[in-house]
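*Asks:* Can you keep this structure in mind? I'll have questions shortly.
The values are calculated or read from the model by the stated rules, or taken from the named source; none is laboratory data. On a predicted model such as this, the values are computed, not experimentally measured, just so you know. Using ideal geometry, Cβ is built from the backbone for each residue, glycine included, and neighbour counts are taken over all protein chains shown.
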Amino acid sequence: MKGTTMAPIAQCPDCRRLNEVLSRVGDRWSVLIVASLSQYGTLRFNELKRNLGISQRMLSLTLRDLERDGLVSRTYYPTIPPKVEYALTPLGDSFREPVEVLAVWGLENLKAIDAARAQYDDAAEKDVKSA
């Protein structure tokens, strides 16, 4: 890649596959699940659900995708009631550092983002009223 122009596909045979990976690791819930597991270690399904405020369906789908991609491991215990725990795999653990950097950047820039949003919304509202 040079600047913002992508190299021709012949020069980047894995660019399409990279899109799949970035879709997974750039997903909001994937990032939050990895951050939560990196902070707290092994967690049960309901602990993740409670920590993140995520719907059961979305958590199930995202965990399944993260497990498929090798970032999260799932351990099932055949107890009554059944117990399922999730933890980061070594590959998932290697994703911890970029997630932490992204989270720190987000936290450090919340006020600036809020201010930019407010400015944009005010300008958009003025445009609607003047139209």
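*Asks:* Would you say R74 is within 22 Å of V99 (Cα to Cα), touching a Lys or Arg at 6+ places or on another chain (Cβ under 9 Å), modelled with pLDDT of 80 or more and surrounded by fewer than 17 Cβ atoms within 10 Å (Cβ to Cβ)?
*Replies:* Spelling it out, R74 is indeed within 22 Å of V99 (Cα to Cα), touching a Lys or Arg at 6+ places or on another chain (Cβ under 9 Å), modelled with pLDDT of 80 or more and surrounded by fewer than 17 Cβ atoms within 10 Å (Cβ to Cβ).
*Asks:* Against the condition β-branched (V, I, T), surrounded by 10 or more Cβ atoms within 10 Å (Cβ to Cβ) and at pLDDT below 75, how does I9 come out, does it pass?
*Replies:* Here the answer is yes, as I9 does meet what is asked.
*Asks:* Which one is modelled with the lowest pLDDT among residues in the range 84-115 that are assigned to a loop (DSSP other than H, G, I, E, B) and closer than 17 Å to D65 by Cα?
*Replies:* Going through the range 84-115, the residues assigned to a loop (DSSP other than H, G, I, E, B) turn out to be 89, 95, 109.
Keeping just the survivors that are closer than 17 Å to D65 by Cα gives 89, 95.
Details: T89: 97, F95: 90.
This residue is F95.
*Asks:* Going through the range 55-83 one residue at a time, which ones are assigned to a loop (DSSP other than H, G, I, E, B), of a type outside the set (D, E, K, R) and in contact with a helix residue (DSSP H, G or I) (Cβ under 6 Å, 6 or more places away or on another chain)?
*Replies:* Result: G70, L71.
*Asks:* Okay, next question. Is it the case that the range 91-111 has a residue that's surrounded by 13 or more Cβ atoms within 10 Å (Cβ to Cβ), of a type in the set (F, W, Y), touching a Lys or Arg at 6+ places or on another chain (Cβ under 8 Å) and under 15 Å from V34 (Cα atoms)?
*Replies:* no
*Asks:* Additional query: Filtering the range 34-59 down to residues that are under 14 Å from the mean Cα position of the chain (by Cα) and closer than 15 Å to V84 by Cβ, which residue is surrounded by the most Cβ atoms within 10 Å (Cβ to Cβ)?
*Replies:* L37
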